[in-house]
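Student: Take a look at this one; I'll ask things after.
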Amino acid sequence: MASELKNLSKYDPDSVASAENMKFGIVVSEWNHDVTGALLQGALDTLKKHGAKEENIIVRWVPGSFELIAGGKAMAEKTFADAIICLGCVIQGDTPHFDYVCQGTTQGIAQLNLNYDIPFIFGLLTTNNLEQAMDRCGGRLGNKGTECAVTAIKMIALSNDLDEVFDDEKENIFRK
């Protein structure tokens, strides 16, 4: 669904598990700092709202959105994060650079999800102009950072739930 039709900050808080025992990595692009800083604040506020402890949230900045890939990989390898949220913003310019950065970053974050046993949450705004970006980082369409934090919590909860289900099933299968 296009975010033009949905407020990114509206969700059912009761559908989100407690984040009290979860660990989060957040990698944020310095480029378009006004936008990415607001995305980060939305993510932090939401994680804390759901019980995440400040000491279980690691935030690191990278120069641009393309570097979210290397930053996310480094965070996965050097921390014990249960999920990594990647926040960036690319605004359409006059050259095809926009297309390359958006495609490369999208593919890179998708590949991280395949290469690691933790979720990497895609929080890259790809907009035609600054107004659209501002609408999505706390403006009239909510905050994509909030949506990413909720997604991270839900993906960790899914993984934890599947671990429990399959641990129980493994015992039953191997006893037969």
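Student: Do we have D34 as open to solvent by 10 Å² or more (accessible area, probe 1.4 Å) and farther than 25 Å from I91 by Cβ here? If you could, list the steps in order and put the result at the bottom.
Tutor: Details: open to solvent by 10 Å² or more (accessible area, probe 1.4 Å): yes; farther than 25 Å from I91 by Cβ: no.
For D34, the condition - open to solvent by 10 Å² or more (accessible area, probe 1.4 Å) and farther than 25 Å from I91 by Cβ - is not met.
Student: From the residues in region 109-152 that are of a type in the set (S, T, N, Q) and in a loop (DSSP other than H, G, I, E, B), which one is most open to solvent (accessible area, probe 1.4 Å)? Walk me through it before giving the result.
Tutor: Taking region 109-152 as the starting set, the residues that turn out to be of a type in the set (S, T, N, Q) are 111, 113, 115, 126-129, 132, 143, 146, 151.
Subset that is in a loop (DSSP other than H, G, I, E, B): 128-129.
Working: N128: 98, N129: 62 Å².
The extreme case among them is N128.
Student: Another one. Within region 39-85, which residues are touching a residue at least 40 places away in the same chain (Cβ under 8 Å), over 14 Å from the mean Cα position of the chain (by Cα) and under 22 Å from F98 (Cβ atoms)?
Tutor: F66
Student: Identify the residue in region 48-105 that is farther than 14 Å from S29 by Cβ and polar (S, T, N, Q) and, among all such residues, is most open to solvent (accessible area, probe 1.4 Å).
Tutor: Top of the filtered list is Q103.
Student: Could you name every one of the strands (runs of 3 or more DSSP E) located completely within region 1-108 that has at least 3 residues being out of contact with any helix residue (DSSP H, G or I) (no Cβ under 6 Å at 6 or more places or on another chain)? Explain how you work it out, then say what you get.
Tutor: Values: elements: 24-29, 57-62, 83-91.
Once the strands (runs of 3 or more DSSP E) in region 1-108 are filtered for at least 3 residues that are out of contact with any helix residue (DSSP H, G or I) (no Cβ under 6 Å at 6 or more places or on another chain), what remains is 57-62.
Student: Among the numbered criteria (1) touching a His at 6+ places or on another chain (Cβ under 9 Å); (2) more than 26 Å from L141 (Cα to Cα), which one does P13 miss?
Tutor: Of the numbered conditions (1) touching a His at 6+ places or on another chain (Cβ under 9 Å); (2) more than 26 Å from L141 (Cα to Cα), the odd one out for P13 is (2).
Student: Let me spell it out: the conditions are (1) crowded, with 24+ Cβ neighbours inside 10 Å; (2) touching a His at 6+ places or on another chain (Cβ under 9 Å), and E20 meets all of them except one. Which number is the exception?
Tutor: (1)
The values are calculated or read from the model by the stated rules, or taken from the named source; none is laboratory data. As the structure is a computational prediction, the values presented were derived from the model and not from experiment. Neighbour counts are summed over all protein chains in view; Cβ atoms, including those assigned to glycine, are modelled from backbone coordinates with ideal geometry. Side chains included, ligands, DNA and RNA excluded: accessible areas come from the protein's heavy atoms. Shrake-Rupley method; radii C 1.70, N 1.55, O 1.52, S 1.80 Å.
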